[in-house]
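Notes for the one structure printed next.
Quick note: the coordinates plus some simple rules give every number you see, no bench work behind them. Values in this document were obtained by computation on a predicted structure and should not be read as measured data. No Cβ is skipped: glycine too gets one built from the backbone with ideal geometry, and neighbour counts run over all protein chains shown.
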Amino acid sequence: MAALGRLSQALLRSSLTQSKRQLSAAAAHGHGEQTARTWKILSFVVALPGVAVCMLNMYLKEQSHTHEQPDFVPYSHLRIRSKRFPWGDGNHSLFHNSHLNALPDGYEGHDE
């Protein structure tokens, strides 16, 4: 059992020494600096303009989007209230949005 422990420690030491040599060799040649510079350039030239194009696309689609309520269809399996909510009038959910969420009998009236 002791021989197995010594063997595993020897293998661990040799692998650590090998990885230190590889890391120091890469640092000596300046490879890490060149890689960092490449990724920095790619971030500014590719990633940031890509995000800007996606934001512009989203903005333009939202501007052309109509904000109308869909027609209310009283499906029997939706908006089932087996008991009242414990807040407010008991008919509105906790995060109710009167522009988007319908009540069991339809949307709330708005003059907008």
Give me, ordered by chain and number, the residues 5 or more places off Leu103 or on other chains with an amide H under 5 Å from its own placed amide H.
Glu108
Just to confirm the filter: which chymotrypsin sites (Phe, Trp or Tyr not before Pro) across the range 52-108 are DSSP coil and have at most 16 other Cβ within 10 angstrom of their Cβ?
Phe72, Tyr75, Trp87, Phe95, Tyr107
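Using every Cα-Cα pair within the range 56-112, state what percent have a distance larger than 17 Å.
On the way: 841 of 1596 pairs.
For the range 56-112, the share of Cα pairs beyond 17 Å comes to 53 percent.
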